[in-house]
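As C-alpha cells, the structure follows; a few thoughts come after it.
What follows is calculated from the coordinates using simple rules that are stated; it is not laboratory data. The structure displayed is predicted, hence computed values, not measured ones. Cβ placement follows ideal geometry from the backbone for every residue including glycine, while neighbour counts extend to all protein chains displayed.
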Amino acid sequence: MNQKARHPASSLNFTRQGAGAPLLLLHGLGGNIASWDGVAPELAKTNEIIAVDLPGHGASPVLPGSGTFGGIAGAIDDFIRAERLESVAVVGLSLGGRVALEMARRGLVGATVALAPGGFWNDKERRYLKASL
C-alpha cells in the first residue's frame with residue numbers, strides 16, 4: 001500500500017509504503033519525498049518506508065524554527081511521536097543526514113545512516129539555509 005498524507009499534528013507531508021520494520025527517509029536541502037523514488041520501492045520489499053518532506057520542502061509548510069537543525073529535528077521528532085515511531089531506523093541524505101545525526105545525538109531514533117551529511121557549514125552557508133526555508 002502506498003499512502004500519502006499530511007499529519008495533522010505536525011503538518012508534515014509524508015508517504016508510507018511496504019510492510020515490516022519502519023524506516024524513515026529524510027531528503028536533502030531543496031529535495032522532497034520524491035528524492036527517494038529510485039530506492040523506496042526496493043526498500044519497501046522488506047520494510048515499511050516512511051518518507052517525509054522536511055519543513056519548508058515539498059508539500060510541507062515552513063514551521064517555526066525550521067531554519068535550524070534543531071528546529072527541523074524537533075519537527076521530525078513531533079512527527080515520530082505522533083505516528084508512534086519511537087526508535088525508528090532513519091536514513092538521511094545531505095541535510096537529512098545532518099538532521100538524522102542530530103536526532104541520534106538526542107536519542108530520538110534507533111539505527112541511523114547519514115549519507116553525505118550536510119550542515120557542517122560556515123556562517124554564509126548557514127544564512128543561505130535559513131533564507132531558503
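Just a few scattered comments:
- Using a Förster distance of 30 Å, the FRET efficiency for residue 105-residue 130 (Cβ separation, nearest 0.05): 0.90
- For residue 26, residues with placed amide H under 5 Å, excluding near neighbours: 91, 92, 93
- Proximal charge balance of residue 85 [Cβ under 12 Å; K/R count +1, D/E count -1]: -2
- If you run the Gaussian network model on the chain, springs between alpha carbon atoms under 10 Å, then out of 22, 55, 64 the most flexible one is 64.
- Most simply put, the stretch 2-132 has about 40% antiparallel DSSP beta bridges, counting only bridges with both residues inside it.
- Counting beta carbons within 10 Å around each of 57, 27 and listing the fewest first gives the order 27, 57.
- FRET efficiency estimate (nearest 0.05) - Cβ-Cβ, residue 123 to residue 34, R0 41 angstrom: 0.85
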